[in-house]
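Inspection log for the structure reproduced underneath, given as structure tokens.
Taken together, the values in this text are just the output of simple stated rules run on the coordinates, not laboratory data. For clarity, every value in this text was computed on a predicted model and none was experimentally measured. Cβ placement follows ideal geometry from the backbone for every residue including glycine, while neighbour counts extend to all protein chains displayed.
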Amino acid sequence: MSIRPTWDNLEKTVVRLIVYGKWQWSEMDEAVKDAQALFNDVSYTVHVIVDLRESTMLSDHAKLQDARPFSLSPAEDSRIAFVGISAITVPFYQSAKRLYRLKQSENQVAFVETLAQARQAIFKKERLKQTYI
């Protein structure tokens, strides 16, 4: 699978979906379902980093079907950071928002170029010490 969800820190407060190379929406569906299992393992707010730095451009936007019955975000108060160049992250977000029922407000979503910036965007309000894996 070219998309892998994993905990990003030892505290299990961030799930990172790492997207490699060329992929299909069906693979993203499976990765989101796997991420849901991680979200369900804990009883507190979990944030999401979608790491698209090693992903290729999406070419099948026009072929997208109806919204999925599952969400990329565990809760409305979760923050989401998309990592990579904006030519990839912004179109992905626009599609994912519709497909995976993202309900975050604009101040809960960040588009950044590095993983460090993503972590900073997620924890900017909490200022908690995190131990990254």
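What to note about this one:
- Most to least packed among 115-124, 47-56 [average Cβ atoms within 10 Å]: 47-56, 115-124
- The slack between Glu11 and Ile85, meaning 0.36 nm per residue of separation minus the straight C-alpha distance, is 23.9 nm.
- Once Rg and the Kirkwood radius are both taken over the C-alpha atoms of segment 3-123, their ratio Rg/Rh works out to 0.92.
- In segment 3-123, taking the dipole from charged Cβ atoms about the Cα centre, the farthest positive-side position among Ala37, Ser95, Leu10 is held by Ser95.
- In this rough spin-label picture, where each label sits 7 Å from Cα along the Cβ direction, the Tyr44-Lys103 distance is 2.3 nm.
- Added length on full extension, which subtracts the Cα-Cα distance from 0.36 nm per residue, Ala37 to Lys124: 28.7 nm
- With the simple spin-label model, which puts each label point 7 Å out from Cα in the Cβ direction, the Ala116 to Met57 separation comes to 3.0 nm.
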